[in-house]
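Everything below concerns the one structure shown next.
Every number here is computed from the coordinates shown, using simple stated rules; none is lab data. Since we're looking at a predicted model, the values are computed, not measured. Glycine gets a Cβ as well: all are built from the backbone with ideal geometry, and neighbour counts include every protein chain shown.
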Amino acid sequence: GDVTAICVGTGIMPSVAYYYNRPTQENDPMGEGPVLRALIEMIDAPKYTEIKAEEQYDKIVLKK
């Protein structure tokens, strides 16, 4: 896939408006880092396993 709308690198600029209006670039190598870090987080995340309701009955606590 393509990484799109990556803000170009910048130094310290004199106004906040500059940062909001920075130009973007398609497939800029600066965009690869955040994508790879997100991928690593997804790989390291615990796998979702559905637990059947019948297996959870003993964990339900009713308050009176």
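Data table
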quantity: Segment Glu54-Val3, extension gain: residue separation times 0.36 nm, minus the distance between their alpha carbons; calculated: 14.0 nm
quantity: Angle between the chain longest axis and helix 32-44 axis [Cα atoms, degrees, rounded to 10]; calculated: 10
quantity: Lys/Arg +1, Asp/Glu -1 at C-beta; the chain dipole; positive extreme among Val35, Thr49, Val61; calculated: Val61
quantity: Ranking of Asp2, Asp28 by count of other Cβ atoms within 10 Å, fewest first; calculated: Asp2, Asp28
quantity: Estimated [θ] at 222 nm from DSSP helical runs (n ≥ 4, -39500 (n - 2.57)) normalised by residues in the chain, nearest 500; calculated: -8000 deg cm²/dmol
